[in-house]
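The values are calculated or read from the model by the stated rules, or taken from the named source; none is laboratory data. Computed from a predicted structure; not experimentally measured. With ideal geometry, Cβ positions are generated from the backbone for all residues, glycine too; neighbour counts draw on all protein chains shown.
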Amino acid sequence: MSTSAAYPSSTPRERWIDVAKGIAIILVVFFHATFDYTADAHVWQWGGYTELLETFRMPLFFFTAGIFAAKVLSRPLRDLVDLRILKFAWLYFLWSIIAIVVFWTAIGEFQGVGGTLVEIARTVIQPNGQTWFIYAIVVYFLLGWALRRLPIVVRLGVALALTLVFQYGLFVDPYSEWGKVGKYFLFFLLAVEFGPWVRRLVPRLKWWHTLIAPAAYALLVFVFRRLDWIDAPIGSVKELASWTVLSVLAVAAGCSVAILLARWAAFDWLFHLGSRTLQVYLLHWYLLLIGWWLVAVAPSIPGVVAPFLVPALTAFAIAGALLVHRFTRRATLLYGQPKWLHLPLKSAASAAPATPSSPVEPELPASPSGTPASDLPR
């Protein structure tokens, strides 16, 4: 079965990317649904399962975030700042302020105006727990641009070194916000370097090709668990080796599954969800707060219901985020770069100014209407 025959879309090569993003955001929200900021809710055994997928969700998420970043990284720093850095810096600070106020209020730890202002100021050097992904994107664009002229072996070597150093926990806890920012740059850079090649390869893949990487990932997970490498102490050679190998292979597995699912109309909902990744990422925390509150006020959680609690919270948060965005999408300041937040236009003697309508914009994911929109960098 050829890819060209399977895709009904006029842009078949791109559908799988949105499907991959849809898979990644579901896994991210599912993981966050196992948290509980408002009560000691029963989360059954899902916490253990989501930890098992720790090597899958964020590597795939960052790979899809960087797959179209190569072109903008090849442009002058001024263009990069105007088209990406200002936009994501705005979203980071705006939604970090919202998160600080809402979460502190929700969990009863609001520290007054002074404490809130101090916490907001700290987000400049300490990524916020609810928005660290966007902070990481800003860092990755700047670091990717700074490394762009080095040989590819050096660039990948630097990224791999960062992954090993931060996963080892040499400077900070590998699961702290800075730890995560440090160790996931490798997957963003892999997308920058190999994304164009992967996109050219996809149309030539047969259906059975897409089963190889997922099978290899599942097999290695089984082997590493049997060898106790996955559960080895953080920073040990076994843990570093298993985490790194599985994370890289998970990107190939996730993309392969997305390529396969994108061939069937039954999974069009994943494609549409993937085109709204930014909105779901920004909004899902607040729907989860509502869900956790509803669980907290429930008289009891029957044992038969417990296994379905986290999946139900995940579905509620995603559906709720999409609904909230539908009613707030005209408030463009919430999801995109304000029109006033651009660098001044270059003089006529300079090169043509880079504007949001310049050729780099198709790098952005499709909007709900199918046209390029200001979303996460794919």
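Points to keep in mind about this one:
- Whichever residue in region 296-338 is hydrophobic (A, V, I, L, M, F, W, C) and surrounded by 19 or more Cβ atoms within 10 Å (Cβ to Cβ) and, among such residues, is nearest to F31 (Cα to Cα): V310
- Meets criteria (modelled with pLDDT of 95 or more and farther than 19 Å from V29 by Cα) for T277: no
- Checking region 83-90 against the condition returns no match, with no residue being of a type in the set (F, W, Y), surrounded by fewer than 19 Cβ atoms within 10 Å (Cβ to Cβ) and in a loop (DSSP other than H, G, I, E, B).
- Among the candidates V181, V245, the residue that is closer than 30 Å to A146 by Cα, buried (at least 20 other Cβ atoms within 10 Å of the Cβ) and hydrophobic (A, V, I, L, M, F, W, C) is uniquely V181.
- Matching residues in region 184-241 - criterion: being charged (D, E, K, R) and outside any loop (DSSP other than H, G, I, E, B): E193, R199, R200, R204, R225, R226, K238, E239
- Residue pairs whose Cβ atoms lie under 7 Å apart, separated by 6 or more positions or on different chains, with the first residue in region 256-285 and of a type in the set (D, E, K, R) and the second assigned to a loop (DSSP other than H, G, I, E, B), are R263/Y7; R276/P368.
- Boolean, L211 is under 24 Å from the mean Cα position of the chain (by Cα) and farther than 29 Å from Y335 by Cβ: yes
- Q167 fulfils the conditions (1) surrounded by fewer than 21 Cβ atoms within 10 Å (Cβ to Cβ); (2) over 21 Å from K71 (Cβ atoms) except for a single criterion, (1).
- Test: residue in region 112-124 that is surrounded by 16 or more Cβ atoms within 10 Å (Cβ to Cβ) and not in a helix (DSSP H, G or I): yes
- Residue in region 298-318 that is at pLDDT 95 or above, assigned to a helix (DSSP H, G or I), touching a helix residue (DSSP H, G or I) at 6+ places or on another chain (Cβ under 8 Å) and farther than 21 Å from E54 by Cβ present: yes
- Near pairs, Cβ below 9 angstrom, 6+ apart or cross-chain, from region 31-55 (over 27 Å from K183 (Cα atoms)) to any residue that is modelled with pLDDT of 85 or more and among the aromatic types (F, W, Y): T38/W292; T38/W293; A39/W292; A39/W293; A41/W292; W44/F308
- Exactly one residue out of L246, L240, L219 is touching a residue at least 24 places away in the same chain (Cβ under 8 Å) and within 27 Å of A262 (Cα to Cα): that is L246.
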